[in-house]
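Shown next, in C-alpha cells, is the structure this report addresses.
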Amino acid sequence: MLCLGIESSCDETALALVRDGRPLGAELATQADLHSLFGGVVPELASREHYRFIGALYDKLMRSCGVTLRDVDVIAVTRGPGLLGALLVGTAFAKGLALGANKPVLAINHLHAHLLAAGLEHELTYPSLGLLVSGGHTHIYRINAPDALTLLGRTLDDAAGEACDKFAKMLGLPYPGGVLLDALACRGEADPTLFPRPYTRNANLDFSFSGLKTAALVYLEAHPRLGEEGRRIRTAGIETASQALCDVCASYLSAIADTLCQKMEYALQQEKHADIAGIVVAGGVAANTLVRKALADLAGKNDKPLWLPSRALCTDNAVMVAHMGCLLAARGHGHALDFSAVPRGHVLPEDLGALRAPMPLT
Ligand code: KG4
Ligand code: ZN
C-alpha cells in the first residue's frame, strides 16, 4: 500500500510517501528562521508559508519518487492538533487531491502519528508504554494496538518542549531553543541539585513543568551574566559559550529528563501495566541527547526494549503521517471528505472506531 502523507500543523510543511511501512521519499520546508525573528510561531505567517510551499513540495516529491497520484492508494493528512490556518492548508490540499483523483483519505491525529513513528524503524509489540514529548504535549499512553490507545497522564501546564523553548528564551537564545540547549548541554555537566524535579512527589502520571520554569527564572535573575551570554551566542556561535552556561543548560535538561523518567517508572511499576512489552518514545524532545540517554537507562533498568525513533523522525515530519495512514488504512479506517481540521486546545473526535465501515481502498 502506497500512502501520501501531508503535515502542516505548525511551522513545517512536509510531504512524504511511505509504501508498506517503508519511506519512499520525503520533502520538508521549515519556517524556523522566519518565526525566529518574532521569538515564536506567528500563526498567520505559518499559514501563508504552508500555502506558498505545499504545491511545489508535492510536485518535487512525486517527481523525485517517480510516482503519480494514480499510484497512491491512500492520502493521509494531519487534521490536528495544531494551528487552525496551518491545518486548513494541508487538509484542503489533501481533500483536493482525494476528490480530483477519487482516492480515500485519512485524517490523522498528529500525536498519534508521532507516537507510532518508532514503528518505521523498530518492530513494535503491544501493549507498550508510550511517552510523547513534543512542543505542545507531554503525554503518557498505554498503547494496546496501533489504533487502541489510552491516555494515562498529561501535562497540567507547559509541555516539556515549551519548558525547553521558554528557558532558551530566558537565556536570550533564538527560537526554537530546544536544539541549541541540547548542543550547549552536551558540553556541560549537570548539577542534579540545581533545579527541582517538579510534580514528582505524587503517585499520578501527570506532569507540571511550571515550577521548573520559575526555579530557572529565579536562578537566571541571580546570575544575569548567563542571559547576556545567551544573547551574544546568537551571533558568536556556541563554541564561545562559557562552562557555566553549558552546565546550567545540562542541569535544566537533566531535570526534564529525570522528571519524564520518574513518571514512566511509576507507570511501569503499576500492577495493571505489568504486561508492558516495551517503551515507545516520540516527539521533538525525544531528539534530546540527555532525554534519550535517561530513557535508555530507564529501559535497561526495567529490562524492557526501548523503541526510540531516529532524531529526524522525532520532530515534525510527514513520514510519520504517511506511516500512520498505512497502519490505519490496513485496519479498515477511513474518513469521509467532510472531516474538519481540529486546532490545538480542541479534543479530536474519537472517530477511529466510528469509521470501521471504511471507504474502499482501491
Ligand atoms: O514534535 P515537535 O517537532 O513539534 C510539536 O508537535 O510540538 O516538537 C517541537 C519541540 C520544540 O519545543 C523544540 O524545542 C523541541 O521539540 N526540540 C528539542 C530538541 N529538538 C526539538 N528539545 C530538546 N532537545 C532537542 N534536541
Ligand atoms: Zn509534532
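What pairs come up if the first residue lies in the stretch 133-148 and is in contact (Cβ under 8 Å) with a residue 40 or more places away in the chain, the second is more than 12 Å from ligand 2 (Cβ to nearest atom) and among the β-branched types (V, I, T), and their beta carbons are under 6 Å apart, counting only those six or more places apart or on different chains?
As it stands, the answer is T138/T155; R142/T150, since those pairs meet every condition given.
Table: residues versus (1) out of contact with any Ser or Thr (no Cβ under 8 Å at 6 or more places or on another chain); (2) in a helix (DSSP H, G or I).
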site	(1), (2)
V41	yes, no
E49	no, yes
A56	yes, yes
D59	yes, yes
A92	yes, yes
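Look through L308, L298 and report the one residue that is within 16 Å of ligand 1 (Cβ to nearest atom) and either within 26 Å of L180 (Cβ to Cβ) or of a type in the set (D, E) (or both).
So the residue among L308, L298 that is within 16 Å of ligand 1 (Cβ to nearest atom) and either within 26 Å of L180 (Cβ to Cβ) or of a type in the set (D, E) (or both) is L308.
Hand me the list of helices (runs of 4 or more DSSP H) wholly inside the stretch 105-203 holding 3 or more residues that are away from ligand 2 (no atom under 16 Å from the Cβ).
160-170, 178-185
Of the residues that sit in the stretch 107-120 and are hydrophobic (A, V, I, L, M, F, W, C) and more than 14 Å from ligand 1 (Cβ to nearest atom), which one is farthest from S340 (Cα to Cα)?
L120
A296: hydrophobic (A, V, I, L, M, F, W, C), in contact (Cβ under 8 Å) with a residue 12 or more places away in the chain, away from ligand 2 (no atom under 15 Å from the Cβ) and under 26 Å from L212 (Cβ atoms), yes or no?
yes
Being within 16 Å of ligand 2 (Cβ to nearest atom) and buried (at least 21 other Cβ atoms within 10 Å of the Cβ) is the filter here, so list the residues in the stretch 42-52 that pass it.
A46, H50
Test R70 against the stated conditions and say whether it is under 22 Å from F207 (Cα atoms) and outside any loop (DSSP other than H, G, I, E, B).
It is false that R70 is under 22 Å from F207 (Cα atoms) and outside any loop (DSSP other than H, G, I, E, B).
Suppose we filter the stretch 311-331 for residues that are in a loop (DSSP other than H, G, I, E, B), more than 16 Å from ligand 1 (Cβ to nearest atom) and modelled with pLDDT of 95 or more; how many remain?
Final tally of qualifying residues: 0.
Give the residue, chosen from P192, P198, that is more than 16 Å from ligand 1 (Cβ to nearest atom) and crowded, with 19+ Cβ neighbours inside 10 Å.
Only one candidate qualifies: P198.
In the set L184, L171, which member is modelled with pLDDT of 95 or more, among the aliphatic types (A, V, I, L, M) and under 22 Å from E228 (Cβ atoms)?
L184
Taking E123, is it closer than 20 Å to S310 by Cβ, away from ligand 1 (no atom under 16 Å from the Cβ) and at pLDDT 95 or above?
yes
Would you please name the residue that is nearest to ligand 1 (Cβ to nearest atom), looking only at residues in the stretch 10-30 that are surrounded by fewer than 19 Cβ atoms within 10 Å (Cβ to Cβ) and in a loop (DSSP other than H, G, I, E, B)?
G21
May I ask you to list pairs of residues, at least six apart or on different chains, whose Cβ atoms are under 6 Å apart, with the first in the stretch 159-185 being surrounded by fewer than 24 Cβ atoms within 10 Å (Cβ to Cβ) and the second being of a type in the set (S, T, N, Q)?
A159/T138; P174/S36; Y175/S36; D182/N288; D182/T289
Check T155, T193, T200 and return the single one that is polar (S, T, N, Q) and under 13 Å from S254 (Cα atoms).
T193
If A148 meets every condition in (1) small (G, A, S); (2) more than 15 Å from ligand 1 (Cβ to nearest atom); (3) touching a Phe, Trp or Tyr at 6+ places or on another chain (Cβ under 7 Å) apart from one, which number is that one?
Result: A148 fails condition (3) only.
The values are calculated or read from the model by the stated rules, or taken from the named source; none is laboratory data. Nothing here was measured: the structure is a model prediction, and the numbers come from that model. Every residue, glycine among them, receives a Cβ derived from its backbone with ideal geometry; neighbour counts consider all protein chains shown.
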